[in-house]
């Protein structure tokens with residue numbers, strides 16, 4: 001029994017170490033950038049995909065890569081909870097929540113119809129919507145294991161959100177000045193419409209220091225919407241699995257039902273529990289900061305593993321539809337966010 005567990009552990013090590021090495025390289029490359037415009041997670045994903053295109057991972061690495069992209073990713077999400085505070089919502093105020101409600105509705109409501117029109121599977125469509133509406137790679141990473149998303153879908157969603165983030169970093173300060181937005185209005189706009197945290201920071205401080213500070217606060221509040229979103233998708237995935245299970249191949253109905261306990265994503269319970277504990281000030285600040293750093297690095301390693309397991313050839317099969325989906329949803333969110341601000345008189 002013990003020897004079997006040892007053998008399983010040994011099989012995991014090569015792939016896990018490979019993912020960690022790619023993650024270290026990604027973090028190093030990120031540190032070399034003069035301006036923080038691209039996160040290490042995106043760098044790790046594309047590094048892994050580049051390595052896959054040159055050298056396909058053999059069987060020695062496969063088990064460890066799968067372990068890192070699934071189990072380590074869930075552990076990283078649990079740790080992320082220790083750095084989130086539900087009280088951040090009170091700091092930013094209700095006006096950001098109003099704008100976020102409209103942008104999230106646009107992402108998931110509009111994304112549903114755009115995804116169907118483009119013929120995308122519901123998992124890929126909603127990953128792109130989550131990345132656009134919540135917080136880029138972190139939201140995609142959090143929702144992916146809940147809906148059992150394929151590595152190819154994760155890579156596509158990450159790619160789509162990254163490409164438009166790069167465009168937003170350049171265009172947002174220009175458009176903000178052209179529209180004559182105040183620091184608060186611009187910070188609220190960029191904090192709710194730009195995807196990844198690093199991109200929000202870059203776009204915010206490119207306008208002004210005050211705008212950058214406010215945009216960052218808005219982005220932290222926006223990140224909290226991961227919690228209800230993940231729970232909703234967990235429920236939807238369970239419903240779909242139950243429907244698939246009750247129908248036998250012959251078209252008859254089986255009496256055996258799937259147990260909710262076996263399908264519920266328990267790692268989300270850990271994530272929420274840590275967020276609540278951190279909100280009441282039980283976790284020391286140095287532990288919270290350390291947990292956040294470790295979570296971010298392990299998430300980079302998980303995305304490195306996903307990249308190492310993702311083939312450009314497989315991604316080509318989906319065509320340009322996912323990128324078009326990302327473009328349409330991103331454009332809608334940008335327009336809706338600024339429209340709501342004008343409607344509220346925040347300019």
Note on the range 80-99: residues closer than 21 Å to residue 144 by Cβ and modelled with pLDDT under 75 are 84
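So that you can scan it fast, the table gives a plain yes or no per residue for (1) at pLDDT below 70; (2) in contact with a strand residue (DSSP E or B) (Cβ under 6 Å, 6 or more places away or on another chain); (3) in a helix (DSSP H, G or I); (4) crowded, with 19+ Cβ neighbours inside 10 Å:
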| site | (1), (2), (3), (4) |
| --- | --- |
| 4 | yes, no, yes, no |
| 7 | yes, no, yes, no |
| 15 | no, no, yes, yes |
| 19 | no, no, yes, yes |
| 23 | no, no, yes, yes |
| 28 | no, no, yes, no |
| 31 | no, no, yes, no |
| 34 | no, no, no, no |
| 37 | yes, no, no, no |
Return a yes/no flag: does the range 212-219 have any residue that is buried (at least 24 other Cβ atoms within 10 Å of the Cβ) and under 16 Å from the mean Cα position of the chain (by Cα).
yes
Let me confirm something: among 113, 102, which residue is surrounded by fewer than 22 Cβ atoms within 10 Å (Cβ to Cβ), out of contact with any helix residue (DSSP H, G or I) (no Cβ under 9 Å at 6 or more places or on another chain), in a helix (DSSP H, G or I) and at pLDDT 85 or above?
113
Number of the condition not met by residue 176 [criteria: (1) farther than 21 Å from residue 328 by Cα; (2) surrounded by 21 or more Cβ atoms within 10 Å (Cβ to Cβ)]
(1)
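Does residue 269 satisfy the criteria of being more than 28 Å from residue 62 (Cα to Cα) and modelled with pLDDT of 85 or more?
Values: more than 28 Å from residue 62 (Cα to Cα): yes; modelled with pLDDT of 85 or more: no.
The answer is no for residue 269.
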Pairs with Cβ under 6 Å, 6+ apart, first in the range 53-78 and over 30 Å from residue 231 (Cα atoms), second at pLDDT 80 or above and assigned to a helix (DSSP H, G or I):
57/308; 60/14; 61/14; 61/15; 61/18
Do you know which residues across the range 297-312 are at pLDDT 80 or above and surrounded by fewer than 21 Cβ atoms within 10 Å (Cβ to Cβ)?
297
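From 43, 77, grab the single residue that is at pLDDT below 80, under 18 Å from the mean Cα position of the chain (by Cα) and in a helix (DSSP H, G or I).
Step by step, each of 43, 77 is checked, and only 77 is at pLDDT below 80, under 18 Å from the mean Cα position of the chain (by Cα) and in a helix (DSSP H, G or I).
Pick from 128, 140, 169, 134: which is surrounded by 20 or more Cβ atoms within 10 Å (Cβ to Cβ), free of Cβ contacts under 8 Å to residues at least 24 places away in the same chain and assigned to a helix (DSSP H, G or I)?
Within the list 128, 140, 169, 134, the selection yields 140.
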Only one of (1) within 29 Å of residue 82 (Cα to Cα); (2) at pLDDT below 80; (3) surrounded by fewer than 22 Cβ atoms within 10 Å (Cβ to Cβ) is not met by residue 287, so which one is it?
(2)
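The values are calculated or read from the model by the stated rules, or taken from the named source; none is laboratory data. What you see is a predicted model, and the numbers here were worked out from it, not measured in a lab. No Cβ is skipped: glycine too gets one built from the backbone with ideal geometry, and neighbour counts run over all protein chains shown.
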